[in-house]
Amino acid sequence: MRKRSKPVHIYLLGRGIADGVSQMTAEALAAIRKSRLVFDLSGDVRAIRKLHPNVVDLASDYWTGELCDNIYDRLQEMLLDEAKTNGPTISVVVDGHPMVFDDVNWGIVRAGRKRGLNVVALPGISCVDTMMIDLGVDIGDGAQIVHANHLLTHNITLDPHLQTFVFQIGKFGTSFFTRETRANRPGRFTSLVAHLTRFYPPDHVATLIVSGGTRDAVRKRVRLGTLDDARAFLHRHQDDGLTMHIPAYPRAPVNEAFTRAIDDERHLAEIALV
Ligand SMILES: C[S@@+](CC[C@H](N)C(=O)[O-])C[C@H]1O[C@@H](n2cnc3c(N)ncnc32)[C@H](O)[C@@H]1O
């Protein structure tokens, strides 16, 4: 007899980066169809409404201007309560990959498990996937991904010989989630510049990018030392999904013996049976 699979209380799904649902996987679309209720935080609720008759738009519950942790906790509790009280199955749809830089979804996974709920996250296309194509870079060459505020709160040491993706750069300096600010004041990014130029030269050119998925990306090239001069662009795109990509500062191999060994057949015979 076939074992019955456990009902899923909550699906965590990503809509990808491009507008619409063209970047959703077949399994994510199937999960939506199996849901009785869908909650949208993906930035394109109209596209999700074409997939399901019962979609709740959470945008106004997210952009409240509160501290981000308060927003995350409130949304997490509301979604867990809904699934616990009314039963399977709900879907939560966010932008990108559902588990990349998403504190609400990670909170739902952890707290849901403790409350006996079956929470299933399905992979999606993240901004890292689309930025690699827009920027023409390969994270396989070595990369570090950091939250702009964490660079300072945790005094993060960067390796300049790796490329760096700085997430949430437009929100640097605050944990308040508000769309209400009118402009960035001069100097907002000065402490970030001071941190970054401890590791990369000030004339190293980075790219501020809103990856389009399938549309053209919005981008601006800036020298790290003059990042604060781009504060108007940073303000304009702060809520569009803005990341700073800092390319790796080149270096030659330093371990010559190991560099020779990896191309040497005799060495291979020393480390493996051939
Ligand atoms: C809360 S995270 C969500 C990431 C999303 N779950 C993903 O998988 O791409 C938001 C941050 O992701 C980055 N981001 C989101 N969309 C982006 C885009 N279209 N282009 C570049 N970066 C983006 C920005 O750094 C933004 O501040």
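The values are calculated or read from the model by the stated rules, or taken from the named source; none is laboratory data. Source: prediction; values computed, not measured. Don't worry about glycine lacking a Cβ; one is built from the backbone with ideal geometry, like all the others, and counts go over all protein chains shown. Please note that ligands, DNA and RNA were not included when accessible areas were found on the heavy atoms of the full protein model with its side chains. Shrake-Rupley method; radii C 1.70, N 1.55, O 1.52, S 1.80 Å.
A few notes on this one:
- Dipole magnitude of the chain about its Cα centre (Cβ charges: Lys, Arg +1; Asp, Glu -1), debye to nearest 20: 940 debye
- The range 41-137 has equivalent-ellipsoid semi-axes of 24, 16, 15 Å, by the square roots of 5 times the alpha carbon gyration tensor eigenvalues, sorted largest first.
- Neighbours of Glu256 by Cβ distance under 13 Å: Lys/Arg scored +1, Asp/Glu scored -1, total -1.
- Gap separating the Cα centres of the range 38-80 and the range 161-192, nearest whole Å: 23 Å
- Seen from all directions on average, the range 38-86 presents a Cα convex hull projection of 3.7 nm².
- Whichever lysines have a C-alpha closer than 27 Å to that of Lys171, once near sequence neighbours (fewer than 8 apart) are set aside: Lys220
- Distant alpha-carbon pairs in the range 116-186 (separation over 13 angstrom), percent: 76 percent
- Result for the chain in a Gaussian network model with C-alpha springs under 10 Å: among Ile48, Ile133, Ile125, the largest mean-square fluctuation is at Ile133.
- Residue-averaged [θ]222 nm for the chain, counting only DSSP H segments that reach four residues, each worth -39500 (n - 2.57): -9000 deg cm²/dmol
- Within the assembled protein chains, the solvent-accessible surface assigned to Arg115 is about 80 Å², based on a 1.4 Å probe.
- Principal axis dimensions, the range 1-83 - Cα atoms, whole angstrom, descending: 53, 29, 21
- Binning the C-alpha pair distances of the chain at 10 Å intervals from 0 yields a P(r) profile of 6, 25, 29, 21, 13, 6, 1 %, listed from the shortest bin outward.
- Per residue, the accessible area of the range 128-246 comes to 49 Å² when a 1.4 Å probe rolls over the protein heavy atoms.
- Comparing the range 128-246 with the 2.2 N^0.38 Å rule of thumb, its C-alpha radius of gyration ratio is 1.00 (two decimals).
- Computed in the context of the full set of protein chains, the accessible area of the chain at 1.4 Å probe radius has 52% of its extent on carbon or sulfur.
- Cα point-scatterer Debye curve for the range 196-274, base-10 log of I(q)/I(0) at q = 0.26 Å⁻¹: -1.21
- Average accessible area per residue (Å²) across the range 10-125 - probe 1.4 Å, nucleic acids and ligands excluded: 46 Å²
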